[in-house]
Each structure stands twice: as structure tokens, then as C-alpha cells.
Amino acid sequence: EALRREGAPGVVVQPIGFLSDHMEVVYDLDVEAAARAEALGLPYARAGTVGTHPEFVRMIRQLIEERVMASPIRLALGARGPAHDICPLNCCLAE
């Protein structure tokens, strides 16, 4: 409703909290959210979950191999590098 009031031309939903489609994703997004968007006159699309996409499976395998084999090479995207495995002292202080 807020998107409609703000003049959004439509909505794309990405279920980032879920790795695969299952009944909760399908019902909540493909049924309920799609129906609500239609009732509001908003075009609606849902991006797929990663599921068993080969690139995702490859990434999970690489992460496991890095940890199991204690590989000194850690793949990472971006300028910040890979995350640490164990938080250093005072790493995650409450703000």
C-alpha cells in the first residue's frame, strides 16, 4: 500500500531469506503478495531463489573446502576481503 501511495510503478520481490522455493515462499509470495499487488494495481514480479543453481552449489563447496582444508586462499568479492572465522576480541560491540 505504501509503495502504491508513493507512486511506485510496480514491485519486484526477492526472497533473500530463503535458499529454495518451498510452500511458505510459494504461498506467501506467489499467492498472497501477488494477489495484494494485483488488488492495488501494481505490476508484480518475484525473482527466483538460488535453489540448486550450479554457481551457488559451487560457492558453498568452495566455502566448505576453504574451512576443512584450512586453505590460506580465501575468495572474496569487494575491497574488504574475506570475513574472519572467529571474531577478535571486541569485534562486535553493541552500538
Check your understanding: Quick one: is residue 50 in a helix (DSSP H, G or I), out of contact with any Ser or Thr (no Cβ under 7 Å at 6 or more places or on another chain) and either open to solvent by less than 70 Å² (accessible area, probe 1.4 Å) or of a type outside the set (S, T, N, Q) (or both)?
Key -> no
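Residue-wise test of (1) surrounded by fewer than 15 Cβ atoms within 10 Å (Cβ to Cβ); (2) under 30 Å from residue 57 (Cβ atoms); (3) out of contact with any strand residue (DSSP E or B) (no Cβ under 9 Å at 6 or more places or on another chain).
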residue: 1; (1), (2), (3): yes, no, yes
residue: 13; (1), (2), (3): no, yes, no
residue: 17; (1), (2), (3): yes, yes, yes
residue: 29; (1), (2), (3): no, yes, no
residue: 38; (1), (2), (3): yes, no, no
residue: 42; (1), (2), (3): no, no, no
Study note, to complete from the structure: Every listed condition ((1) under 15 Å from the mean Cα position of the chain (by Cα); (2) not in a loop (DSSP other than H, G, I, E, B)) holds for residue 16 save (2)
Review point. From the list 67, 58, which residue is open to solvent by 70 Å² or more (accessible area, probe 1.4 Å), within 18 Å of residue 19 (Cα to Cα) and out of contact with any Gly (no Cβ under 7 Å at 6 or more places or on another chain)?
Key: 58
Exercise for review: Please work out if residue 21 is part of a helix (DSSP H, G or I) and surrounded by 13 or more Cβ atoms within 10 Å (Cβ to Cβ).
Suggested key: no
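The values are calculated or read from the model by the stated rules, or taken from the named source; none is laboratory data. Predicted, not measured: the structure shown is a model, and the values here were computed from it. Virtual Cβ from ideal backbone geometry, glycine too; neighbours counted across all protein chains shown. The accessibility values were calculated without ligands, DNA or RNA, using every heavy atom of the protein model including side chains. Shrake-Rupley method; radii C 1.70, N 1.55, O 1.52, S 1.80 Å.
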